[in-house]
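I have placed the structure first, in the form of structure tokens, so that the comments after it can refer back to it.
Quick note: the coordinates plus some simple rules give every number you see, no bench work behind them. All values reported here derive from a predicted model rather than from experimental measurement. Here the Cβ positions follow ideal geometry from the backbone for every residue, glycine too, while neighbour counts run over all protein chains shown.
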């Protein structure tokens, strides 16, 4: 497939969609269109050759086409990269459904879980566009700001069939952007979504002035409860030790680029969620994903104490310091018994 010309549309002109569009344009066999919902903003990008709102300082490639016409973008494409936040994914899919066909490959890069249906991005695509669609995901520790500057990055192409995962690997692989494959799509998507929830908690730690000990414990136990939920949904435990689990978790919880960590940081410093949301121009997927994960945890009887406390801080106005104290003062438990066999649902 490496020599086959690919007509690719990136649906979404946020920072990640822009970074991936730039990456895909570097491959000579690709024709790339980036779609944006706002015609005026698309026109502005065409004139300035820069996405000033979401990825400032990065020159857009000359061979990148920009458009707000979904029919033009989608109907002749071979690959559709779904790069809109999960909250908007269903609405966008409904708009482009008349122009899609089953020969196209979908690659979801959004990291979230829809609150109403508890579906991940690939689940939403299939729910709206039909089960017959070939769908994969691209996830892992990959800030747009670094990918757009050609900094070394490794991610995972995940799909139920290795043939599909390998095709996605081939499409996106560059000398600076290394892509691995994994057939555990459920695990990859759960890891990618829940790291945003844990990142909010990590930001709270920083906002409260806690140290490295607390942050390390939070990441470790946050990964444990992510793994518990993933396995309850049919994922493989080993996936959570890889790039879409541990790798993405580390990046999101420590980087100044992380929007979800920034939300937690401001919560820890005493700001209210309404204030934080009112000043943000981009979507922090972890906020809504927290609601979704709590519903999944209840449905599958999985104990997720960190996620519960994140929910309480976000939506019940609970004091971050009180949440931290209550997590530390829970009943004593062994570290590893909760990860064994049928006991994986206990916190």
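Kirkwood hydrodynamic radius, region 6-183, all distinct C-alpha pairs: what's the number in Å? By the Kirkwood definition, the hydrodynamic radius is 16.1 Å.
The alpha carbon gyration tensor of region 280-335 gives principal lengths a ≥ b ≥ c with a/c of 1.5 or higher and a/b no greater than b/c, which makes the shape oblate. Peptide packing: for 112-125, 151-164, 54-67, 196-209, the average count of neighbouring Cβ atoms within 10 Å per residue gives the ranking 196-209, 112-125, 151-164, 54-67, highest mean first. Using the average count of surrounding beta-carbon atoms within 10 Å as a protection proxy, the listed peptides 228-236, 318-326 rank, highest first, as 228-236, 318-326.
Using a ≥ b ≥ c from the Cα gyration tensor of region 31-82 (square roots of the eigenvalues), is it rounded, prolate or oblate, where a/c under 1.5 gives rounded and otherwise the larger of a/b and b/c decides, a/b for prolate? Note, shape of region 31-82 comes out prolate.
Assign one of three labels to region 146-273, namely rounded, prolate or oblate, based on the Cα gyration tensor with a ≥ b ≥ c the square roots of its eigenvalues; rounded applies when a/c is under 1.5, prolate when it is not and a/b is larger than b/c, and oblate otherwise. It comes out oblate by the Cα gyration axes. A helix-only calculation puts the chain at -14500 deg cm²/dmol for mean residue ellipticity at 222 nm, using -39500 (n - 2.57) for each DSSP H run of at least four residues, averaged over all residues. Compared with the alpha-carbon gap, the fully stretched path from residue 213 to residue 277 is longer by 20.1 nm at 0.36 nm per residue.
Ranking of 330, 178 by neighbouring Cβ atoms within 10 Å, starting from the fewest: 330, 178. Extension gain, residue 102 to residue 163: 0.36 nm times the residue separation minus the Cα-Cα distance gives 20.3 nm. Computed extension length for residue 71-residue 117: 13.9 nm, one decimal, from 0.36 nm per residue of separation with the Cα-Cα distance subtracted. The DSSP beta bridges internal to the chain are antiparallel in roughly 20% of cases.
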